Structures are given as structure tokens and as C-alpha cells.
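Note sheet for the following structure.
Readers should treat all values here as calculations from the given coordinates under stated rules, not as data from a laboratory. Note that the structure is a prediction, hence the values are computed from the model and not measured. Cβ: placed from backbone, ideal geometry, glycine included. Neighbour counts: every protein chain shown.
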């Protein structure tokens, strides 16, 4: 959301004035070679629609993975190639036989907005064991305990990598790298988009509600948006929900 890129100095000074702190974090979970779980860190996970991925021509390249069950796009920093399961002679594991994709090392997956939990499965694109490291934009990583994945074509080859928020934060991206030069093979995605936050659901009423809607939900940009932000800060001494890191709503300030 553009609101988060505007008035950074303004936001920083406000946070200091309000003495706002948070101890929340994004955590990594190693899913191993088992089938994807239905919940991660208390978040209910929704798998991507494989029919949309199967519709991609075999051997075709993509810069986004279709089928997200929440609004937005799972986009890639590098082109990925789609293959049918049998073409790579891979024993993926846990009964999966859907589409597979290959991508080069250090490919970043930019997640749909408001993502609070996400997983994917991966293995090295080489006939030998590979160490895979997945790192989120928050800095949390699987690298603290390196994950070694079985060889391409071996039993139960693919390993699941998951990240989840602990206090409503959002996850913007994850980056995948391997110990093999051929990059990695990946598939099976799940996501949780968290609750949809609005000015009304954040508890604002009266003048606060009207001003919040002007800032967060009217589409204002640039100087006009800054004017409303400054007006809000002078009156309420904190940011509206959409301007906070992760978009997490604080308790509404007292009074209109």
C-alpha cells in the first residue's frame, strides 16, 4: 500500500512520540517431507488452486504462480519453467503429482498483500542431496538449521518451508537458494491472508472513522495524502492502522 511509503519521517517521529513498541516476529517452521498441514502457527492454511497451474503450457515460463486463494499475486524475481510431474522423474513424496516449477538460486517470491503465513515445498535441481535455505523479508530463515533435501528422483524428495506471523504482522517475500548450481524445483503452496482490516473494523468512530477512511480507503496519494496524515497526527498523536508497519491496528485514540 502506497501509504506505507509516504511520510516516513513523519511516521518515525510519531512512533517515537507515542513510545510504540512491538515484540512480534515472523517465525520459520520446517515442514519436512510430510503432506502440507492445515494449520501453521495457529493460522488456517489454504492451498493454491493447482488447476490454474496445470493450465500453464508444459515448458512455458512464468514470472508469477497462479491460483492464490486470497487477493493478490505470488510473483517471482526470476522466470520459472513449468513441467509436468513425470518430466523431471522426481519422487516428490506424500502422494503429490501436480505441476512442478524450476527456478535459479536466490529467486525471491513476492507474496500477496496481507499474507500472515505461507509455505512452499522445494528440492535441489540436481541428482544429489542439496541444502536449501529460505529467508523471509523479516530476516527469519531456515538457515539457522540448514535443511538437507534428498536427491532428485529419490524417495520423499521435497521438503516444506513455512513462515508465519505471531501478532498479525505481514510477510512480504521469501527468497530461496540451494547448494547446487542448477537452482531448485518447487511446488505446493499454501497461504493465510489474515483478517481483512478496515477503518470500521479497527474501531474508529465519528471524526476518526471519517478521517481514517480518507487516508486509508479513498485512494489519495502524494501531497493530498500527506495533508490528511499531518492532520490526523496533530489531532490523535498516532498513525491510522494502514500506516503502521504490517498494517496492524492499535486501539483507537480516545475522543473524536
Largest-first ellipsoid semi-axes for segment 168-209, taking √(5λ) over the Cα gyration tensor eigenvalues, angstrom: 41, 11, 6
Alpha-carbon radius of gyration plus Dmax, which is the widest Cα pair, for segment 64-110 in Å: 12.2, 33
Relative contact order of the chain, pairs being alpha-carbon contacts under 8 Å that are 6 or more residues apart, as %: 24
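Length gain on complete extension for the stretch residue 198 to residue 87, per 0.36 nm per residue less the alpha carbon to alpha carbon distance? Before the final figure, lay out the partial values.
Numbers: separation 111, 0.36 × 111 = 39.96 nm, distance 4.58 nm.
Fully extending the segment from residue 198 to residue 87 adds 35.4 nm.
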Where a label projected 7 Å from the Cα of residue 234 along Cα→Cβ would reach, residues of segment 190-226 with amide N under 14 Å: 226
FRET efficiency estimate (nearest 0.05) - Cβ-Cβ, residue 35 to residue 79, R0 22 angstrom: 0.15
Sum of -39500 (n - 2.57) over DSSP H runs of 4+, divided by residues of the chain (222 nm, nearest 500): -5000 deg cm²/dmol
Segment 103-200: relative contact order in percent, alpha carbon pairs under 8 Å with at least 6 residues between: 46
Potential lengthening between residue 46 and residue 156 on full extension [0.36 nm per residue; Cα-Cα distance subtracted]: 37.4 nm
Protection proxy ranking of 65-73, 160-168 - average other beta-carbon atoms within 10 Å, highest first: 160-168, 65-73
Acute angle (nearest 10 degrees) that the helix 206-216 long axis makes with the longest principal axis of the chain, alpha-carbon atoms: 40
Kirkwood Rh and Cα Rg combined as Rg/Rh, the chain: 1.05
Taking the C-alpha atoms of segment 30-80, convex hull volume expressed per residue in Å³: 126
